[in-house]
Structure formats: C-alpha cells, structure tokens
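Participant: Questions regarding the structure given below will be posed in turn.
Since every read-out is calculated from the coordinates, none of them should be taken as a lab result. It should be emphasised that the depicted structure is a prediction, and the values quoted were computed from it without experimental measurement. Because the Cβ atoms are built from the backbone with ideal geometry, glycine has one as well, and the counts that use them run over all protein chains shown.
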Amino acid sequence: MSDRILVFELGIPIRWGDMDAMGHVNNTVYFRYMEQVRISWFDSLGFRPEPSGEGPLIVNASCTFARELRYPGTVICRQYVGAIGRSSVETYIDMLRSDDPDTIYASGAAKVVWVDYAKKKSAPLPEAARAVMTKALAR
C-alpha cells in the first residue's frame, strides 16, 4: 500500500437497521459508511458533488472485514489520502468503534476520480482540492 495520511475523521452511529439476520452490521453497510465519510470529507473541503457540474466518482472500492460491528455503538471512520493523480486520488478508510478505538474492525479503499458529470469524462482535480490534499501529504 502506498503512503497514506489521515485527513478526516467522522463518527457514525450504528443503527439497528444496519444489522442483518446474523446479528451484525451487514457487509454492504460498511460501504455506505465509507461513502458517507468521503462525502463528508469533500463537504468539509467545500466540494459538494453537483450533478449538473463536476464532482467525485468512485471507480473501484474494496473492504476487508476484520471484526464484526454490532448495534449499539458508533463507528469511528478515519479517512486517509494516498497517491494523487491529475484527476484522481486514492482514499483509505479504517473503521473502529468509539468504545474500542485501538481495534480496526474493517479497512477500505477507493479510487476517486473527479468527473464532469454532464460529459461523463474525467476532469482535473480542482486546484483548491489538490492543494489541500498535497499539503496533507507533505506533513
């Protein structure tokens, strides 16, 4: 894995409805947690996705499930940034519980490509977003 730098953290309550018949958070919900962290991170940078303009698009995503998450609780999602390209950025997320912050319950990754939604083509990362990410990587 490439170098990665922590850029954002978000607590997400585990909802009763997040669990499946096996009594733990359904695997698909982990991807929803990661989606929320990415969107909240872009919001914090001032880059909310605009369907008639430009914004992020996930071209691949993965998750490694290390331990089961269960209701009740809060998932602490830590977002990291890795390699930055012309129109893309590698992102990584570790998921922990607020009552067990030293244990990683799942780890995910996604390649985010900045796109012009109308043209359905990649676009350069906005310079302001690139500056924030590059500054984080320089730490």
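Participant: Mind pulling the angle between the C-alpha long axis of helix 27-45 and the longest principal axis of the chain? Nearest 10 degrees, somewhere in 0 to 90.
Facilitator: The helix 27-45 is inclined about 40 degrees to the chain.
Participant: Let me ask you something else. Rank the residues Glu90, Glu35 as a footprinting-exposure proxy: fewest other Cβ atoms within 10 Å of their Cβ go first.
Facilitator: In increasing order of surrounding Cβ atoms, one gets Glu35, Glu90.
Participant: A further question on this structure: Which trypsin sites (Lys or Arg not before Pro) in segment 1-76 sit in a loop by DSSP (not H, G, I, E or B) and have at most 13 other Cβ atoms within 10 Å of their own Cβ? All intermediate terms of the calculation are to be shown ahead of the outcome.
Facilitator: Working: sites: Arg4, Arg15, Arg32, Arg38, Arg67, Arg70; in loops: Arg4, Arg15, Arg67, Arg70.
Answer in residue order: Arg15.
Participant: Whole Å is fine, so just give me how far the alpha carbon centre of segment 59-138 lies from that of segment 1-34.
Facilitator: 12 Å
Participant: Here is a follow-up. What list do you get for Thr64, Thr91 if you sort them by fewest beta carbons within 10 Å?
Facilitator: Thr64, Thr91
Participant: 5 Å is the cut-off here: which amide hydrogens, built 1.01 Å from N in the peptide plane, fall below it relative to Thr74, excluding neighbours closer than 5 in sequence?
Facilitator: Under 5 Å from the amide H of Thr74: Ile14, Ser98, Asp99.
Participant: May I ask you to derive the FRET efficiency for Ala131 and Glu35 from their Cβ-Cβ distance with R0 = 41 Å, giving the value to the nearest 0.05? Don't skip to the answer; put the middle values down first.
Facilitator: On the way: r = 24 Å, r/R0 = 0.59.
Calculated transfer efficiency: 0.95.
Participant: At a Förster distance of 30 Å, what's the computed FRET efficiency of Ser98 paired with Asn27, Cβ-Cβ distance as r, to 0.05?
Facilitator: 0.90
Participant: Now, a different point. With an 8 Å cut-off on Cα pairs and a minimum separation of 6 or more residues, tell me the relative contact order of the chain in percent.
Facilitator: It rounds to 29 percent for the chain.
Participant: Moving to a separate point now. Which of Val37, Val59 has the fewest other C-beta atoms within 10 Å, and how do the rest follow up to the most?
Facilitator: Going from sparsest to densest Cβ surroundings: Val59, Val37.
Participant: Nearest 500 deg cm²/dmol is fine: what mean residue ellipticity at 222 nm does the chain get from its DSSP H runs of n ≥ 4 alone, each adding -39,500 (n - 2.57), divided by its residue count?
Facilitator: The helix-only estimate for the chain comes to -7500 deg cm²/dmol at 222 nm.
Participant: Taking θ = phi - 60°, what integer Hz values does the Karplus form 6.51 cos²θ - 1.76 cosθ + 1.60 yield along segment 93-108, in sequence order, with x for Gly and Pro?
Facilitator: 9, 9, 10, 10, 9, 5, 8, 8, x, 9, 10, 8, 8, 7, 10, x
Participant: If you wrap a convex hull around the alpha carbons of segment 5-138, what volume per residue comes out, as a whole number of Å³? The partial results should precede the final answer.
Facilitator: Values: hull volume 14.7 nm³, N = 134.
In segment 5-138, the Cα hull volume divided by residue count equals 110 Å³.
Participant: Quick one: if you stick a label point 7 Å off each Cα along the C-beta vector at Lys119 and Ala61, how many nm between them?
Facilitator: With each label placed 7 Å out from Cα toward Cβ, I get 2.6 nm.
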